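Nothing in this text is a laboratory measurement; each read-out follows from the coordinates by a stated rule. Computed from a predicted structure; not experimentally measured. Neighbour counts are summed over all protein chains in view; Cβ atoms, including those assigned to glycine, are modelled from backbone coordinates with ideal geometry.
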Amino acid sequence: MEQRSPSASDIEGVPRPAARGPAKLALVVPTLHEVANIERVLQRIRSSLDPLGIPYELIVVDDDSRDGIADVVQKISDSDPRVRLLVRRNARGLGGAVVHGWERSEAKILGVIDADLQHPPELLPQLWKAMESGVDVALASRYAEHGSLRNWHPARYGLSRLAIWLTFPLQKPAIHVQDPMSGFFLVRRACIRNVHMETQGFKILLEILVRGNIQSVTEVPFSFGPREAGSSKAGIKEGLDYLSLLGRLYRAIGLRRRSTRKTRSNTPESR
């Protein structure tokens with residue numbers, strides 16, 4: 001499902017410049033105590049991306065787990081230099097890990113996928129196809145038509161829907177995203193080049209949609225499966241971080257709208 005607002009090229013009939021070859025993808029895999037999953041997830045990611053024939057790098061950003069994951073990733077990297085390991089010391093948080101990885105790559109297409117295998121890497125070709133069509137963001141969506149949540153407790157499902165409902169006033173009118181909380185997506189670097197991303201919390205896509213120069217989005221439905229190993233990192237702190245992010249985004253949107261109204265009131269046409 002694609003949503004797109006008109007661009008200058010659409011309005012003026014000016015075609016996009018011809019591509020010089022596939023853009024490079026930098027896919028960040030943030031980890032904390034995911035040694036039981038990391039080898040499988042990296043293998044499945046590479047098996048999904050290799051047939052596409054695109055340049056890519058997989059950046060594992062580990063928050064100093066000290067569970068043996070560094071040795072596992074380094075062994076894979078020794079045989080496949082497209083796999084990189086970055087270890088953050090004295091830092092925690094999925095959002096910060098993602099930004100840390102993106103800042104250490106020059107790729108034009110950026111992405112993130114969880115290491116717990118709840119995000120199926122086999123969806124990557126569909127996300128990449130959407131990016132090739134010209135959209136700014138392609139995301140794996142639990143709530144798009146044909147998407148689903150398997151074996152979720154009703155209370156957890158209700159909290160998830162409430163969290164998403166709170167984002168609707170923040171979203172751009174021309175682009176209504178069903179799953180702005182997704183942690184599995186691709187985005188063009190150019191669309192967030194001048195955006196200062198928060199490093200706390202874990203809902204980085206929402207911030208990109210609100211603050212980034214996003215003109216078009218495609219949601220690819222998927223079934224959100226159970227964690228295969230390890231334990232969830234979501235807890236009370238992550239919930240509080242999310243509420244804090246919502247507060248900052250609401251304030252930012254309020255200031256932006258007041259500034260826009262003030263600018264319009266000062267134009268000659270409004271006098």
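What order do you get for F224, F185, F168 when you list them from fewest to most C-beta neighbours inside 10 Å?
Numbers: F224 22, F185 26, F168 10.
Fewest-to-most ranking of F224, F185, F168: F168, F224, F185.
By count of other Cβ within 10 Å, fewest leading, how are W165, W102 ordered?
Numbers: W165 9, W102 21.
Fewest-to-most ranking of W165, W102: W165, W102.
Can you list which of the trypsin sites (Lys or Arg not before Pro) found in the stretch 93-183 are DSSP loop residues with at most 12 other C-beta atoms within 10 Å? Working shown, then result.
Details: sites: R104, K108, K129, R142, R150, R156, R161; in loops: R104, K108, R142, R150.
Here the trypsin sites (Lys or Arg not before Pro) that fit, given the DSSP loop and packing criteria, are R150.
From the backbone phi of the stretch 57-72, what are the Karplus-calculated ³J(HN,Hα) couplings (6.51 cos²θ - 1.76 cosθ + 1.60, θ = phi - 60°) in whole Hz, Gly and Pro given as x?
Result, ordered by residue: 9, 10, 10, 7, 10, 9, 8, 6, 5, 6, 10, x, 5, 4, 5, 5 Hz.
Return the Rg/Rh value of the stretch 27-99, two decimal places, where both radii are evaluated on C-alpha atoms and Rh is the Kirkwood radius.
Values: Rg = 12.0 Å, Rh = 12.5 Å.
Dividing the radius of gyration by the Kirkwood radius yields 0.96.
Using 10 Å bins from zero, what percent of all Cα-Cα pairs in the stretch 79-187 falls into each bin?
11, 37, 37, 14, 1
Check which residues have an amide H placed less than 5 Å from V87's amide H, if you skip close sequence neighbours.
Correct list: D62.
Could you list, in their original order, any pairs among K75/K108; K75/K203; K108/K203 whose Cα atoms are separated by more than 23 Å?
Values: K75/K108 27 Å; K75/K203 31 Å; K108/K203 21 Å.
In this structure, K75/K108; K75/K203 exceed 23 Å between Cα atoms.
Starting with the fewest neighbours, write out H100, H119 ranked by other beta-carbon atoms found within 10 Å of each beta-carbon. Before the final figure, lay out the partial values.
Values: H100 19, H119 23.
So the residues, fewest neighbours to most, are H100, H119.
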